[in-house]
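Since the structure comes first, as structure tokens, the remarks are kept for the end.
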């Protein structure tokens, strides 16, 4: 399948109650360092443009990861139709390439792993390893 461009440029829109006042900015910070994502650009306060390689990541995994992190996506009728079309087109291309759906699950998990590592929480012990056994 020579001559096929595997990069996809997708717009992600946010709407509704969000913990973050700037949901697109928060998503940009979360997605900026993920390997299959080539570029993330802020369009406005509630929209961003994501460029990724469809062989490594699919749009519905990206959106599922953002929703699980507490960001509310636009669920208008046109947004749902657009997402359904993206999913169909990407799954068809991946099936033609022989890529199984289970082959890319680790990419969506890397978003959660990276977010967890950057958060401040009580799961880290700042003491040296040899001091931890005494308390």
Added length on full extension, which subtracts the Cα-Cα distance from 0.36 nm per residue, residue 22 to residue 84: 19.7 nm
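Using only C-alpha atoms and all pairs of different ones, pull out the Kirkwood radius for segment 1-86 in Å with one decimal. Could you put the intermediate results ahead of the total?
Working: mean 1/r = 0.0753 Å⁻¹.
In segment 1-86 this quantity evaluates to 13.3 Å.
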Please give the contour-minus-distance gain from residue 97 to residue 39: 0.36 nm per residue of separation, less the Cα-Cα distance, rounded to one decimal in nm. 18.5 nm
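Every number in this text was worked out from the coordinates using simple rules, so none of it is lab data. For clarity, every value in this text was computed on a predicted model and none was experimentally measured.
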